Amino acid sequence: MNFPDRQHVVAQLGHFGCNPHEAQVYLRCLESGTETIQSLAKGVGRNRTTVHSEVEQLLKKGLLYESRRGKKRYIGAENPKVLFSLLQQRENDIAALRSNISYAVSLMEKVSPPSGVGVPNVKLYEGVEGFKKMLEETFSAKSEVLVFTNVRLFSELVDPEYLEHYFQRRSDKGIRTRLIFPPCEFAERVYKKSDEYRIRVRLMPEELSWQAGIFSWNNSIAIQSFTEGKLTCTILENADIADFYRRVLFELAWQQAADMKLPTVHDR
């Protein structure tokens, strides 16, 4: 297995809770067959105590098995197809959770203190994971999601593939979106799938540049700052403020923005 392929496998094992060292142990067992922990530790170049702990974790995850020959304990790797079984178990767990979560939420909402009338509720998320958490919240949208952002910076931060998958998931829920972007390659990439993603795209003048973005849905406005080293997302929940932004500020910007058109071969 060459280095890029190995790195790909390590990354996928990460989705099953394996850190890089545990993935290395699993791959070593896969390549060498059954080994004692002592020989395994020598093979991966780490001390026996550390490898023993990693082996125990991999046994719990179902990626390794153990056997005994006399008094010696040997460790072996399960067939890689075990990942399909582990994935199915996870899907079963998610299905069970999904079937019960609505009832659990309804119970918890009964004990939540009422929000003050007219007082905005503010939440602060930080970092890339905070941005992704905000994106997940937009799936509650009852009407369209409105986006005004520097999509080049935003897509690079959260990962373009992740963002496109988010667009697809949002579309699958029947949620429509209007987006105001600066001209960029990612804007063109999204526009090509506008029907599939249920989106409409307009562009701001190319000379404008900014490092922030705003998403709005329901009574929420999420304001993101893309300043390097300090990524923040502030979500403001207030019906009056959201209505003002959605029906006035966004509409004014939408009217001023230009319809998106892909350049022709001659234009290029």
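The values are calculated or read from the model by the stated rules, or taken from the named source; none is laboratory data. Predicted model only: the values in this text are computed from it and were never measured. With ideal geometry, Cβ positions are generated from the backbone for all residues, glycine too; neighbour counts draw on all protein chains shown. Accessible surface is based on the protein model in full, side chains and every heavy atom, while ligands, DNA and RNA are left aside. Shrake-Rupley method; radii C 1.70, N 1.55, O 1.52, S 1.80 Å.
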What are the semi-axes of the equivalent ellipsoid for segment 39-158, taken as the square roots of 5 times the Cα gyration tensor eigenvalues, largest first, in whole Å? 46, 22, 16
I need the trypsin sites (Lys or Arg not before Pro) found in segment 168-231, filtered to DSSP loop residues with at most 15 other beta carbons within 10 Å of theirs. Lys173, Arg176, Lys192, Lys193, Lys230
What GluC sites (Glu not before Pro) in segment 173-216 are in a loop by DSSP, with at most 16 other Cβ atoms within 10 Å of the Cβ? Glu206, Glu207
Kindly express, to the nearest 10 degrees and within the range 0 to 90, the angle between helix 160-172's C-alpha long axis and the longest C-alpha principal axis of the chain. 70 degrees
For helix 48-61, report the angle its Cα long axis makes with the longest principal axis of the Cα atoms of the chain; keep it between 0 and 90° and round to the nearest 10°. 60 degrees
Longest to shortest principal axis, alpha-carbon extents of segment 127-234, angstrom: 34, 26, 24
The percentage of the accessible area of segment 107-218 (probe 1.4 Å, all protein chains present) made up of carbon and sulfur atoms, to the nearest whole number, is 51 percent
For segment 118-148, run through the trypsin sites (Lys or Arg not before Pro) and keep only the ones in DSSP coil with at most 11 other Cβ atoms within 10 Å of their Cβ. Lys142
Lysines within cross-link reach of Lys133: Cα-Cα under 23 Å, excluding same-chain residues under 8 positions apart? Lys123, Lys142, Lys173, Lys230
Based on the alpha-carbon set only, what is the convex hull volume of segment 119-160 divided per residue, in Å³? 105 Å³
How large is the accessible surface per residue of the chain, computed with a 1.4 Å probe and reported in Å² as a whole number? 61 Å²
Please enumerate, by chain and number, the aspartates and glutamates with C-alpha under 15 Å from the C-alpha of Lys132, excluding those fewer than 8 residues away in the same chain. Glu156, Asp159, Glu161, Glu164
Inter-part distance where segment 63-79 and segment 194-268 are each reduced to a Cα centre, Å: 56 Å
Of every Cα-Cα pair in the chain, the percentage lying beyond 26 Å is 59 percent
Can you compute the radius of gyration and Dmax for segment 1-70, using only the Cα atoms, both in Å? 11.8, 40
In order through segment 204-210: 3J(HN,Hα) via Karplus (6.51 cos²θ - 1.76 cosθ + 1.60), integer Hz, x for Gly, Pro: 7, x, 4, 6, 7, 9, 7
